[in-house]
Amino acid sequence: MVATDFSGQMLEHARARTTKESERIEYRQLDATREEEIVALGLQRFDAVVCHQGIMDMSEIDPLMQGIRQVLKPGGRFVFH
C-alpha cells in the first residue's frame, strides 16, 4: 500500500499513527496535479486507487485522471469520495 499526500506534515501525522499491522505502508509526498509524479509510482502497479477529499481541492483534474489510468492494473478500480 502506498499513502500519498501533497503535505509532508500530513504524511508524518499518518506515519506517527501507523500500527504494527500497517508497518508495510509506503508514505510518499506528491503533487497529484502532476501526472509524472503519479506515474513515478509505477505503471500498472495498483489494483485500486482510492482518493478521499483530494479531488475537491484540485483546479486541474485531467493530470490526476491520466496518471491514475496509467498506474492501475488492467481491470483496476478508482474510487473517490
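Some points to look at:
- Gain upon complete extension [His13, Cys51; 0.36 nm per residue less C-alpha separation]: 11.9 nm
- Value of relative contact order over the chain, rounded to a whole percent, pairs C-alpha under 8 Å and six or more apart: 31 percent
- Each of (1) 1.08; (2) 2.13; (3) 1.26 is a candidate for Cα Rg over 2.2 N^0.38 Å; the one calculated from this structure is (1).
- Average accessible surface area per residue within the chain, 1.4 Å rolling probe, Å²: 75 Å²
- Full extension of the chain segment joining Met65 with Glu23 gains 12.3 nm, where the gain is 0.36 nm per residue of separation less the Cα-Cα distance.
- Evaluating 6.51 cos²θ - 1.76 cosθ + 1.60 at θ = phi - 60° for every residue in segment 21-26, the Karplus couplings come out as 5, 10, 5, 8, 6, 9 Hz, glycine and proline recorded as x.
The values are calculated or read from the model by the stated rules, or taken from the named source; none is laboratory data. Computed from a predicted structure; not experimentally measured. Note: accessible area is taken over every heavy atom of the protein model, side chains too, but ligands, DNA and RNA are not part of it. Shrake-Rupley method; radii C 1.70, N 1.55, O 1.52, S 1.80 Å.
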